[in-house]
1. Mind checking the full-extension length gain between Leu167 and Asn329? Use 0.36 nm per residue of separation minus the Cα-Cα distance, one decimal, nm.
2. Quick one: which of Lys149/Lys200; Lys33/Lys460; Lys151/Lys185; Lys268/Lys501 span more than 20 angstrom between C-alpha atoms?
3. At q = 0.15, 0.25 Å⁻¹, what is the log10 ratio I(q)/I(0) for the stretch 142-210, with the Debye formula run over Cα points and no solvent?
4. Kindly rank 25-37, 63-75 from highest to lowest mean number of other beta carbons found within 10 Å of each residue.
5. How do 298-307, 251-260 rank on mean C-beta neighbours within 10 Å, highest first?
6. Can you tell me the relative contact order of the stretch 196-296? Whole percent, Cα pairs under 8 Å, sequence separation 6 or more.
7. About the Cα centre of the stretch 142-210, what is the dipole size in debye to 20, counting +1 per Lys and Arg Cβ and -1 per Asp and Glu Cβ, all else neutral?
8. Counting other beta carbons within 10 Å of each residue's own, what order do Met310, Met189 fall into, fewest first?
Amino acid sequence: MADYKWSFANVGGVTRVRIQSAEDIRHLGELDKKMWTVLSCPTTGLEISSDSLSLMDIDGDGKLRLKEVVATAEWLCSVLKDANSLFEQKDEIALDNIADEAIKAVAEKLAKDGKVALADVQAAIDAVTIEEQPIPAAPLEADVIAAYKEKQAEYAAYFEQEKLQKLGLALIPEDAPKPGMTEKKFLEMGKQISDWEAAKAAAETANADALTAAKAEYMPLRKLLLIHRDFYRLLRNFVTLEDFYDRDDATVASFEAGTLIIDQRACKLCIRVHDLAKHDAQAPLSGMYLIYCNCVNQKTGKTAQIVAAMTQGEVSNLSIGKNAVFYDNDGLDYDATVTKIIENPISIRQAFWTPYRKFANWIEEKINKSAAEKDAKAFGDMTAKADAAADPNAEKPQAFDIAKFAGIFAAIGMALGMIGAALVSVAEGMSGFKWWQYLIVFVCILLVISGPSMIMAYLKLRRRNLAPVLNANGWAVNADAIVSVIFGRTLTEQVAFPIVKLPKVKKGMATWKKWLIAICSILVGLAIVCGILHLCGFCWHCLCFH
């Protein structure tokens, strides 16, 4: 790196270069490539004008690379006297600030109050007229030309077969359709049409070239005004990602497409998806909870495929097929449907309850499965009895033989006895505990259940990174784009209702009864857990396993 002194700052938890002055832009080519946050990005599908990005894309390959950004910076510094005006991000420039004499001469024709604006330049371009070369008149009616083109290949093939038939090399079937003209007339008509089409194309090309030449004097000024407006914003998304991390500013990052409203939350970080296959490979590495949606605006027919990051709240109501509404940055609304979800932790609080939710879902699944099996068995038994009643020769069901089930009953009794003994042992071990020791035991049980899930969530939340999602969209991200827990809260807004007074309703169960049921349920649950720990060799006196 050269001797130029750069300024640095912590942006998004990573040390990055700050672009703050015209001198920073002038020395951009001296900045170590390893210090750039982004090395390349696409020129389409971003919230920066594709016209501006395509003008910076020197090789026209649809990708804006580091060397092209540097070349643009050098060009801007050569045509502007003071490049500090780039930080204003305006599409107008003072005449005194234009260093290039050719561009300034054109700007002086359009300037108002000593400034030239993009709107004035565009109006001048649209108003350009030329003396066009006349387009030659068609030699035939339009429908005749269309009919000729439709039958041209068929007639040409027929006349070719006719020549071969005269030489005895082919035979045209009697029922073959014959052209309604001679070959000479057919060829003359074809030459007339082809000559006219060539003359028409030549005239149109000449007129287009003349119009382009007439507009050419305005193009360097238009390029300057477009890039003058958008270049600093590009740097904030290319060198530092400041637009992404600066959530207090109304400006959004170039890759942020809009807002998804779903499940009483507003997901601010929405990115357009260009290649779903690449997202399948890259996006899971981000460690973020991602929701993919297909979006359609019914009025305009516009469609979009987006991925939204969910960084706050619960996820129990989120599922594939859920409907939502997406608003792009222009305020246009789309009907959104969830098509895919990549699950990752959202918060440590959510991770605390995850084991209990999974256990509740498992119990619900087992109950539903058992109920379905019993229903099927009951229906099967009923139909079997009906069939047996209808068939006198059917084999009679055997009477219940208690001897066969004696072993089962004995095993159940032994299991109940062991559980009872374990509960008694636990009760004896905890009988001498002080009140605070019960709290310690309770907390330890909670940590045993929820601790692993919370630790895993903490590790993943610390590594949440937007870079893999951008890489899947064709970006070459050169540094981490960390989404911390605190910063993540700014990316998803939760609903906040005011406190309202509830209407009086008829009281149901008394409050003390509800508390009694809740306390009994907790005690039973704790007793079961303590019994399991005792069977595993846990000693309540020294609080350790033996």
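No value in this document is a laboratory result; all are computed from the given coordinates. It should be emphasised that the depicted structure is a prediction, and the values quoted were computed from it without experimental measurement. When we count neighbours, we look across all protein chains shown, and the Cβ atoms used for this are built from the backbone with ideal geometry, even at glycine.
1. 51.1 nm
2. On the way: Lys149/Lys200 17 Å; Lys33/Lys460 29 Å; Lys151/Lys185 14 Å; Lys268/Lys501 32 Å.
In this structure, Lys33/Lys460; Lys268/Lys501 exceed 20 Å between Cα atoms.
3. Log10 I(q)/I(0), no solvent term: -0.61, -1.11.
4. Put in order of decreasing packing, that is 63-75, 25-37.
5. Working: 298-307: 13.9, 251-260: 21.8.
My ranking of the peptides, most packed first, is 251-260, 298-307.
6. This gives 11 percent for the stretch 196-296.
7. For the stretch 142-210, the charge dipole is close to 240 debye.
8. The most exposed by this proxy come first: Met189, Met310.
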